[in-house]
Amino acid sequence: MSGMLEADFTKRFPRGPLIRGSLRCPMDRFHVTAVLGPSGAGKTTVLRCLAGLERPDSGRITCAGETWFDVAPRRFLSPQARGAGFMGQQPALFPWLSVVENIGFGLRRLTGAERRTIVADLLARFGIAGLAHRLPHELSGGEQQRVALARTLAPRPRLLLLDEPLAALDLELRGEMRRQLRDLLAAGGTPVVLVTHDPADAAALADDVVTLPHPRPAPIC
């Protein structure tokens with residue numbers, strides 16, 4: 001894959017703020033772009049617009065020459081067609097499924113052999129092979145984050161979108177996972193856009209940082 005992810009768009013909420021997302025990220029190699037800003041700045045909205053889960057009100061988003069959103073010709077590519085993997089702040093694992101079943105959940109269209117090969121590779125890469133048959137409630141917070149990230153990477157997305165990937169962890173575990181997450185992401189080789197409110201996360205994880213200030217109030221008509 002070659003080219004860039006290029007986005008410059010605005011999103012307005014009724015009686016709410018006007019949020020602008022503007023970033024440019026390489027798609028031909030592993031690269032982490034962090035969107036850094038305080039709570040309420042609209043970081044999650046920016047990520048959801050990139051994923052296709054929200055529709056911007058103006059602007060344009062292109063990825064490797066493919067138009068994902070353009071307000072002028074009313075172009076809007078569905079989340080499924082974009083091929084981006086999105087991981088929210090909480091691991092959101094299916095509590096009734098084992099680690100193996102959680103990771104393989106998005107691979108149901110593949111043959112059993114293909115699914116087992118991909119899941120086994122991710123279990124080994126993330127160091128969680130010994131947890132393969134445990135349920136989510138039997139895992140620590142850090143282990144749950146690893147499983148959630150492996151599940152997001154299993155379908156081999158072209159772009160990985162992470163919403164505050166360390167925010168749900170306590171301070172001690174957060175520092176430990178911060179040191180490990182960059183290596184885990186690099187091993188996957190997928191370009192990453194993540195959002196965070198913590199400058200320490202951005203400094204440890206990102207190659208480039210885009211700062212998102214507090215949004216401007218929407219104009220009163």
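Evaluate region 171-183: report whether one residue or more is under 25 Å from R20 (Cβ atoms) and either of a type outside the set (S, T, N, Q) or in contact with a strand residue (DSSP E or B) (Cβ under 7 Å, 6 or more places away or on another chain) (or both). Within region 171-183 (the criterion being under 25 Å from R20 (Cβ atoms) and either of a type outside the set (S, T, N, Q) or in contact with a strand residue (DSSP E or B) (Cβ under 7 Å, 6 or more places away or on another chain) (or both)), the answer is no, since none of the residues qualifies. Is there a residue in region 113-127 that is hydroxyl-bearing (S, T, Y) and in contact (Cβ under 8 Å) with a residue 40 or more places away in the chain? So far as region 113-127 goes, no, none of its residues is hydroxyl-bearing (S, T, Y) and in contact (Cβ under 8 Å) with a residue 40 or more places away in the chain. Would you mind finding the one in E138, E176, E172 that is exposed (fewer than 15 other Cβ atoms within 10 Å of the Cβ), out of contact with any Lys or Arg (no Cβ under 7 Å at 6 or more places or on another chain) and modelled with pLDDT of 95 or more? Result of the check over E138, E176, E172: E138.
Somewhere in region 156-166, is a residue in a helix (DSSP H, G or I) and of a type outside the set (K, R)? Break it down into steps so the answer makes sense when it comes.
We begin by selecting, within region 156-166, every residue in a helix (DSSP H, G or I); these are none.
No, the conditions are met nowhere in region 156-166.
Just one of the listed residues (L161, L194, L173) is touching a helix residue (DSSP H, G or I) at 6+ places or on another chain (Cβ under 8 Å), free of Cβ contacts under 8 Å to residues at least 40 places away in the same chain and assigned by TED's automatic domain parsing to the domain that holds E6, namely L173. Kindly evaluate L93 against the criterion of being in a loop (DSSP other than H, G, I, E, B), over 17 Å from E6 (Cβ atoms), in contact (Cβ under 8 Å) with a residue 40 or more places away in the chain and aliphatic (A, V, I, L, M). Answer is yes for this residue. Yes or no: region 101-113 includes at least one residue that is of a type in the set (A, V, I, L, M), in a helix (DSSP H, G or I), farther than 30 Å from T196 by Cβ and out of contact with any Cys (no Cβ under 6 Å at 6 or more places or on another chain). Yes; the residues of region 101-113 include at least one that is of a type in the set (A, V, I, L, M), in a helix (DSSP H, G or I), farther than 30 Å from T196 by Cβ and out of contact with any Cys (no Cβ under 6 Å at 6 or more places or on another chain).
The values are calculated or read from the model by the stated rules, or taken from the named source; none is laboratory data. Model, not experiment: these values are computed from the prediction. Glycine gets a Cβ as well: all are built from the backbone with ideal geometry, and neighbour counts include every protein chain shown.
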